[in-house]
1. Could you tell me which GluC sites (Glu not before Pro) in the range 99-205 are loop residues by DSSP with no more than 14 other beta carbons within 10 angstrom of their beta carbon?
2. In whole Hz and in residue order, list the ³J(HN,Hα) couplings for the range 27-41 that follow from phi through the Karplus curve 6.51 cos²θ - 1.76 cosθ + 1.60, θ = phi - 60°; x for Gly and Pro.
3. Tell me whether the range 85-181 comes out rounded, prolate or oblate; compute the Cα gyration tensor, take square roots of the eigenvalues as a ≥ b ≥ c, and use a/c under 1.5 as the rounded threshold.
4. Do you know the Lys pair count in the chain for C-alpha distances under 14 Å, with sequence separation 8 or more or different chains?
5. What number comes out for accessible area per residue over the chain if the probe is 1.4 Å? Units Å², please.
6. Which ³J(HN,Hα) values in Hz, rounded to whole numbers, follow from the phi angles of the range 192-205 under the Karplus curve 6.51 cos²θ - 1.76 cosθ + 1.60, where θ = phi - 60° and Gly and Pro get x?
7. Checking the a/c ratio against 1.5 first, then a/b against b/c, what shape does the Cα gyration tensor give for the range 1-128?
8. Quick one: helix 132-142 against the long Cα principal axis of the chain, what's the angle to the nearest 10°, folded into 0 to 90?
Amino acid sequence: FRKARADFLPALAGLSAGQLYQHLQKLDDTILDFPANAVLMLWFDSCIFDQTLLMRILYLLNRRKNQPENVFLYCCNSNSLTADDFKHGMQKKVQLFTEDWLLGAKAWNFFQHKDAGGMIRLAQQEKFERLPAMQKALFRCAEEIPGDDGLNRTHKQILQLVASGCSSFMEIFKGLSKFEDYPFLGDTSCQRNLDQLVENNFLAV
């Protein structure tokens, strides 16, 4: 995962792949090495981008030999944390336990392997009492895995927007948010989806 991210991000971050890999390793080590008796407070929103990051953090917690005792989560019911969330989040936080990071680790593994069926089965069969946004995100993540036609849900939504008359990048980019309960797609990812559609002859430039 770190290598894939380090290879992908240099053009965006202005850093070399080696520098980015070291930075990503440091981020992981922060989770792997913090004292077991310390308090870890996680702040997330409900969009699938944030929820996949939360999956990875729980996956890392699950790898630890000394399990932390005080892990808390506040997840807002929107795609963006606000000042009000930070003001009141500590009072609304939930404590996470070993079963939660085991669940997150399972979700991360299915997501990392692009296993749509696995994500759907996990979301249907497991209880996500303290992680309801993750359960919902798994269903949406599964829809981003291309089907037999080579298209994922975002591809199909782009084609729908183009068919309805959207012709500029900004029209398509802004239009995609209307399809989502929790908009998540950044402009770079939108462009990548457009490029994929052009490369596969679903769209003409």
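The values are calculated or read from the model by the stated rules, or taken from the named source; none is laboratory data. Owing to the predicted nature of the structure, the values given are computational and were not obtained by experimental measurement. Cβ atoms come from the backbone with ideal geometry, glycine included; neighbour counts cover every protein chain shown. The accessibility values were calculated without ligands, DNA or RNA, using every heavy atom of the protein model including side chains. Shrake-Rupley method; radii C 1.70, N 1.55, O 1.52, S 1.80 Å.
1. On the way: sites: Glu99, Glu126, Glu129, Glu143, Glu144, Glu171, Glu180, Glu199; in loops: Glu126, Glu129, Glu143, Glu144, Glu180.
Filter output for the range 99-205: Glu129.
2. 4, 5, 5, 4, 7, 6, 10, 5, x, 4, 8, 7, 9, 10, 10
3. Since a/c reaches 1.5 but b/c is at least a/b, the shape of the range 85-181 is classed as oblate.
4. Value for the chain: 5.
5. Result: 57 Å² per residue.
6. Listing the rounded values in order: 5, 5, 5, 4, 5, 5, 5, 4, 9, 6, 8, 10, 10, 6 Hz.
7. Because its axes are fairly even, with a/c under 1.5, the range 1-128 counts as rounded.
8. Approximately 40 degrees, to the nearest ten.
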